[in-house]
1. Would it be correct to say that Q348 is assigned to a helix (DSSP H, G or I), of a type in the set (S, T, N, Q) and surrounded by 17 or more Cβ atoms within 10 Å (Cβ to Cβ)?
2. So, in segment 183-215, exactly how many residues are under 24 Å from N356 (Cα atoms) and either in contact with a helix residue (DSSP H, G or I) (Cβ under 7 Å, 6 or more places away or on another chain) or not in a helix (DSSP H, G or I) (or both)?
3. Would you confirm whether any residue within segment 191-211 is under 23 Å from G119 (Cβ atoms) and surrounded by 15 or more Cβ atoms within 10 Å (Cβ to Cβ)?
4. In this structure, is A242 small (G, A, S) and out of contact with any Asp or Glu (no Cβ under 9 Å at 6 or more places or on another chain)?
5. All but one of (1) at pLDDT below 95; (2) under 23 Å from E279 (Cα atoms) hold for P203, so report the exception by its number.
6. Of everything in segment 219-264 that's more than 27 Å from the chain's Cα centre (by Cα) and more than 22 Å from G285 (Cα to Cα), which residue is modelled with the highest pLDDT?
7. From A145, A162, which residue is modelled with pLDDT of 80 or more and over 18 Å from G93 (Cβ atoms)?
8. Condition first: part of a loop (DSSP other than H, G, I, E, B), under 28 Å from E218 (Cα atoms) and out of contact with any helix residue (DSSP H, G or I) (no Cβ under 6 Å at 6 or more places or on another chain). Now tell me which residues in segment 233-274 satisfy that.
Amino acid sequence: MALAALTWPLSTFASTPETPLTEIQQLRDQGRWLDALSAIGRAQDDRPDDPALYRLQTLTLLDLGSSYRAWSLYQARPELFDADEARRLRGAGTARLINWGRLYAESEQARDEELALAGQALRTLQESGQEPGSADLRTRFDEIALLNLLERHAEVIERYRALQDEGVEPPPYVLASIAGSLLAERHPAEAIPLYRQVERAMPDAWDPRLQLGYAYSESEDFDAAYAHLEQLKAAEPAWLYAPGARRPHSNPRHYDADRNLALMHLYGQDTAGAQQRLESLAAIGPNNASLQTAVGEVYRQRGWSERALERFRMAGTQDPEHIGARIGQVGALLDLDRVDLARPLHDQLLAGHPRNVQVKQMARDWDNRLGWQWQINASAGRSDSRDGAPGVSPLGSRDGGHS
């Protein structure tokens, strides 16, 4: 939301002539943010340290959508901004950090660090001169989005219930996070209408549309899931042509719909159909870790544990951070009675991703399959000296142990 008028009068900064400030203010009032920013830059050539120009530059960058840059400028000179402007800048910067946490990270450790930084910024925002529990709606919405990224789904639902009690309708981007947490906590009947609402309000948001198919499947309505994913696939051509391009490029959304449709057939017990679809896709993209993992899941469902393990290990080689590939290896190794090899992978996943929905399901399957376990070791030995010589051990020639 653009800031239509500056809160502080122009005379507050008497060191700056009013002519450029008046021109800049007029441009801002007209919503001509780029022109205003250009005028600010020209004025700063003559007065680089002018506080009024610095403040206008920061607010104009915020209006342009450059939230992180505006937040960084604010942090350098916070005394130039009033309380409302400061809170708006901090809120926009925090929201940008949270959104960056949704992007593909270099590693899981890097993602954790980014989300920790966003969490710290959010806590600072919540504690900035407000009584506990009185945070504004923007901050509460950002908190829900962050908690969803951190996979603290029960807390997301708790905050959603509080908003419902207050009669507050979250915006679509927050509803997408809430629906994801409801689905993760096995409330698909509540997630479905929220996903539909997000789909109507944000037709270009792809992930919520895919997740709606899984919400149907969790409700045991596989016909609706198949139809929904078929519709998504049909609406996305396999190849896209950029303006002026001589050759097309592949459409990742078509691939996403195709892969998830194949997986849906697997979850619907159509293993033969799923195998045919996924093997065809894997033949096209053999270096795709997600596809190799999906093929491994089909093989495991069909009882081909060794073939499944091979695919999971291929996927793990292609993408060592792929959670599905590592979970698949745990399951396939258990099928082969190699608990000794499965346990380290199991423990690493629980230590690194304790809140991940797939990891939690893996842990439940592990406990249901193995239950309580005890490991008992016993050993015994006898030393025979050569050529009839007496033994040299101070403890004798026989020893044993147990644990």
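1. The answer is no for Q348.
2. Selection size over segment 183-215: 22.
3. Going through segment 191-211, the residues under 23 Å from G119 (Cβ atoms) turn out to be 207.
Within this subset, residues satisfying the condition of being surrounded by 15 or more Cβ atoms within 10 Å (Cβ to Cβ) are none.
No, segment 191-211 contains no residue that is under 23 Å from G119 (Cβ atoms) and surrounded by 15 or more Cβ atoms within 10 Å (Cβ to Cβ).
4. Numbers: small (G, A, S): yes; out of contact with any Asp or Glu (no Cβ under 9 Å at 6 or more places or on another chain): yes.
For A242, the condition - small (G, A, S) and out of contact with any Asp or Glu (no Cβ under 9 Å at 6 or more places or on another chain) - is met.
5. (2)
6. Step by step, filter segment 219-264, then rank; the result is D223.
7. Details: A145 fails: over 18 Å from G93 (Cβ atoms).
Criteria check complete, one pass: A162.
8. Within segment 233-274, P237, N251, Q269, D270 qualify.
The values are calculated or read from the model by the stated rules, or taken from the named source; none is laboratory data. Keep in mind that this is a model prediction, so the values were computed, not measured. Positions of Cβ are generated from backbone atoms using ideal geometry, with glycine treated the same way; all protein chains shown enter the neighbour counts.
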